[in-house]
Amino acid sequence: MQRIETVEDIGRGLDVLVACDARLAAVRRLAGDVPLRRRPPGLQTLASIIVAQQVSRASAEAIFGRLCKLAVPFTAQQLLELGEEGMVQAGLSRAKQRALTALSMAIVDGKLELAELCDVPAEQAIADLVAVPGIGPWTAQVYLLTAAGHPDIFPAGDVALQTAARHALALDVRPNAKVLAHLAESWRPWRSVAARLLWAYYREMKGAEAAPGA
């Protein structure tokens, strides 16, 4: 599996995407810099993505910052010891408390090894992650895209990607996850680069960064 490891990898992917879908040539011009968006694999990265679910970027950063100050060192065992009281203090919703607790338990019990997920096919890695209560497809896909460098993952449920795709592809309405996933099929095997391109396009279109953990 060819990983997305460098900005040169991004450039090669963009060249292929523009060649196979002419609509993306203008998107590429308007998007400006398309960042690598790589993060270290592990609990801290996945936990930050869980925290970022369905909240603004500023809120996610504030909540995760508090959580990191309360859980030192940032390990699965420490999160379990932090407990409900500490997670409430950090500002986590009940759903995110449950997700982080389930994730920490899976790691402590040896049922989930986050580093190893970077070396297995994306479909299997996603299945292993969504088996943890509270982790859905978007969270799993964003983790594998950013922390594992998988080249062909597209989190079609991401609202910013849907918004960018509607504008970039001149669609009548914002596509839902199912429709956008279907549209993205033609961008295989570089869908992870297509996601980065649309996030960059959204940034230029809206004047604000929307990519999770960017």
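The numbers here are math on the coordinates, done by the rules we state, and not lab data. Since this is a predicted model, take the numbers as computed values, not measurements. In this analysis, Cβ positions are derived from the backbone assuming ideal geometry, glycine residues included, and neighbour counts consider all displayed protein chains.
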note = Env charge @ THR146, Cβ radius under 15 Å, K,R +1 / D,E -1, value +2
task = Quantify how much of the Cα-Cα distance distribution of segment 43-147 extends past 20 Å, in percent.
result = 32 percent
Cα-based shape type of segment 142-209, given that a ≥ b ≥ c are square roots of the gyration tensor eigenvalues and the cut on a/c is 1.5 = oblate
request  = Would you give the gap between the C-alpha center of segment 76-114 and the C-alpha center of segment 141-196, rounded to a whole Å?
outcome  = 29 Å
ask   = Remind me, relative contact order of segment 43-147 in percent, using alpha carbon pairs under 8 angstrom and six or more residues apart?
value = 30 percent
ask   = Quick one, what does Rg over Rh come out to for segment 129-171 if you take C-alpha atoms and the Kirkwood Rh?
value = 1.07
task = Give the Rg/Rh ratio for segment 99-214, taking Rg as the radius of gyration of the Cα atoms and Rh as the Kirkwood radius, to two decimals.
result = 1.01
note = Computed curve, the chain, Cα-only Debye sum without solvent term, log₁₀ I(q)/I(0) at 0.09 Å⁻¹, is -0.36
ask   = Can you pull out the trypsin sites (Lys or Arg not before Pro) in segment 105-181 that DSSP calls coil and that have at most 16 other Cβ atoms within 10 Å?
value = LYS111
